[in-house]
Amino acid sequence: MRKAAITAEAAAALVVDGARVMIGGFLGVGSPDRLIDALISRGARGLTIIGNDTAYPTVGVGRLIEAGCVARVEASHIGTNPTTQRLMSDGAIEVELIPQGTLAERIRAGGAGLGGVLTPTGVGTMVAQGKQVIEIDGATFLLEKPMRADFALLRAHEADYCGNLTYRLTAANFNPVMALAADCVIAEPDEIVPAGVIPPDAVRTPGVLVTHLVGRAR
Amino acid sequence: MDAKETIARRVAMELRDGMLVNLGIGLPTLVARFVPMGISVAFQTENGLIGFSAPPPEGMANRDLVDAGGGFIAALPGAASFDSATSFALIRGGHVGLAVLGALQVDASGRLASWIIPGKFTPGMGGAMDLVAGAKRVIVAMQHAAKGEPKLVETLTLPPTAARRVSLIVTELAVIEPTDDGLALRERAPGVSVSDILASTGARLIVPDDAPEMPLGCD
């Protein structure tokens, strides 16, 4: 059950070029900055990034875009990052835009073993193109399929050495759902505390979901 | 009073005691400054918090506490934080009493466009599609025209944000309600005539015999 922490560099080496990678964060708040640094340092290439947004060119996921690590983005919003806009226009990266609530539920479905989600969001819009429209008791829904990834890179507040995670305020955002939806889950906590320090009721991501914890260099 | 303040003050008159309210990024966030005396509302920020005020007191910002525009906020006593799935369950599930959103266009059927100008700018929808699909009431808060071009149009030329008809449109010139018969003029801004409104509106407006001046509250 106990997990020894690894370095951000060792974690970044696991994330192979071309992988599908979920990254927590909302405009960079709650993003795993040390893992992002390490991915840039190792010169990662061809990643598909799944997350809420691409933040700003010098912040969070935006730094991976700026460093040329990313081939494809699946996100709800890219309006704060002119680099993403430009690379998309130039055809240098692909972008799929997904409504924020739909993104959260598709990831949740992917991690919860569900075959998809029926949502009213996007009915009658470009988002509905190519999707099944289903009527339930007179209401119209889109069938949105589950999403999974090879890796989820999370930022947590505290972790214990069992991998249990807590989050703080608005830094939780997509991190808890992503913890369920990837084959390899790497969590970067602000602090790692001894097992038993985090009360069971405070744990928001059970440690069994976490593959690796990233420690701090001493 | 500038255009944005007029819009924010008039939208604030739609707040009701006990409402859960979601304000979009930009102009809609100004509404929080004009909550009428004697009522209490809870503001939600879609990135995962109910119960905040902005900005935080000088020197009391926290890097993990921001609104949906990335600006620092203060969590009020009684605030609750949650993840994105819960936040959008609140939004889609009809728990939000009022959503206030900006728009690029609104058409005669009451649909709004707000997330893409094909070939020019593609910010993305963020949470807007979920908010329009799920909030009990949706108010569009926008300037009446942009660069001389009307934003109220007969039929959207930009991709819609939802199929749903919005509840109310508030601009610096007028309050307009989409109805089965089309866009109905409800109120004029102080000093603005019906012909001023018609001149900068690109959709047919149903004009009543007497459109009253909009209430803007007081400080």
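The values are calculated or read from the model by the stated rules, or taken from the named source; none is laboratory data. These figures come from a predicted structure and were not determined experimentally. Note that each Cβ is placed from the backbone with ideal geometry, even for glycine, and that neighbours are counted across all protein chains shown.
Just checking, how many residues over segment B:166-219 are assigned to a loop (DSSP other than H, G, I, E, B) and either in contact with a Leu (Cβ under 9 Å, 6 or more places away or on another chain) or buried (at least 18 other Cβ atoms within 10 Å of the Cβ) (or both)?
The total comes to 16.
Taking segment B:43-65 as the search range and keeping residues that are of a type in the set (G, A, S) and not in a loop (DSSP other than H, G, I, E, B), which one is surrounded by the fewest Cβ atoms within 10 Å (Cβ to Cβ)?
Among those residues, the one meeting the criterion is B:S53.
Here is a list: A:F141, A:F151. Which entry is surrounded by fewer than 20 Cβ atoms within 10 Å (Cβ to Cβ) and touching a strand residue (DSSP E or B) at 6+ places or on another chain (Cβ under 6 Å)?
So the residue among A:F141, A:F151 that is surrounded by fewer than 20 Cβ atoms within 10 Å (Cβ to Cβ) and touching a strand residue (DSSP E or B) at 6+ places or on another chain (Cβ under 6 Å) is A:F141.
Are any residues in segment B:121-142 more than 8 Å from chain A (Cβ to nearest Cβ) and either surrounded by fewer than 17 Cβ atoms within 10 Å (Cβ to Cβ) or on the phi > 0 side of the Ramachandran plot (or both), and if so, which ones?
B:K136, B:R137
Residues B:A128, B:A89, B:A103, B:A108: which one is without any contact (Cβ under 8 Å) to a residue 24 or more places away in the chain and aliphatic (A, V, I, L, M)?
None of the other options fit; the residue is B:A89.
Does segment B:24-79 hold any residues that are within 22 Å of B:H95 (Cα to Cα) and among the acidic types (D, E), and which are they?
If the condition is that a residue be within 22 Å of B:H95 (Cα to Cα) and among the acidic types (D, E), then B:E46, B:D67 are the ones that fit.
When you look at B:L104, is it within 13 Å of the chain's Cα centre (by Cα), surrounded by 21 or more Cβ atoms within 10 Å (Cβ to Cβ) and modelled with pLDDT of 95 or more, yes or no?
no
Could you list, in sequence order, the residues of segment B:1-25 that are in a helix (DSSP H, G or I) and within 12 Å of the chain's Cα centre (by Cα)?
Residues satisfying the conditions are B:K4, B:I7, B:A8, B:R9, B:R10, B:V11, B:A12.
What are the pairs, 6+ residues apart or on separate chains, where a residue within segment B:31-51 that is within 14 Å of chain A (Cβ to nearest Cβ) and farther than 22 Å from B:M1 by Cβ has its Cβ under 6 Å from a residue that is aliphatic (A, V, I, L, M) and in a loop (DSSP other than H, G, I, E, B)?
B:T45/B:A68; B:E46/B:A68; B:N47/B:A68; B:G48/A:A172
How many of the residues in segment B:7-46 are under 15 Å from B:E172 (Cα atoms) and touching a strand residue (DSSP E or B) at 6+ places or on another chain (Cβ under 6 Å)?
Result for segment B:7-46: 6.
So, of the residues in segment A:160-189 that are under 14 Å from A:G30 (Cβ atoms) and more than 12 Å from every other protein chain (Cβ to nearest Cβ), which turns out to be farthest from the chain's Cα centre (by Cα)?
Top of the filtered list is A:P189.
Could you list, in sequence order, the residues of segment B:143-161 that are more than 8 Å from chain A (Cβ to nearest Cβ) and either of a type in the set (S, T, Y) or surrounded by 22 or more Cβ atoms within 10 Å (Cβ to Cβ) (or both)?
B:H144, B:K151, B:L152, B:T155, B:T157
Of the residues in segment B:66-119, how many are β-branched (V, I, T) and outside any loop (DSSP other than H, G, I, E, B)?
Residues that pass the stated criteria total 6.
Any idea which residue in segment B:70-94 is farthest from A:G28 (Cα to Cα), counting only those that are at the interface with another protein chain (Cβ under 7 Å from one of its Cβ atoms) and among the polar types (S, T, N, Q)?
Ranking the candidates gives B:S81 first.
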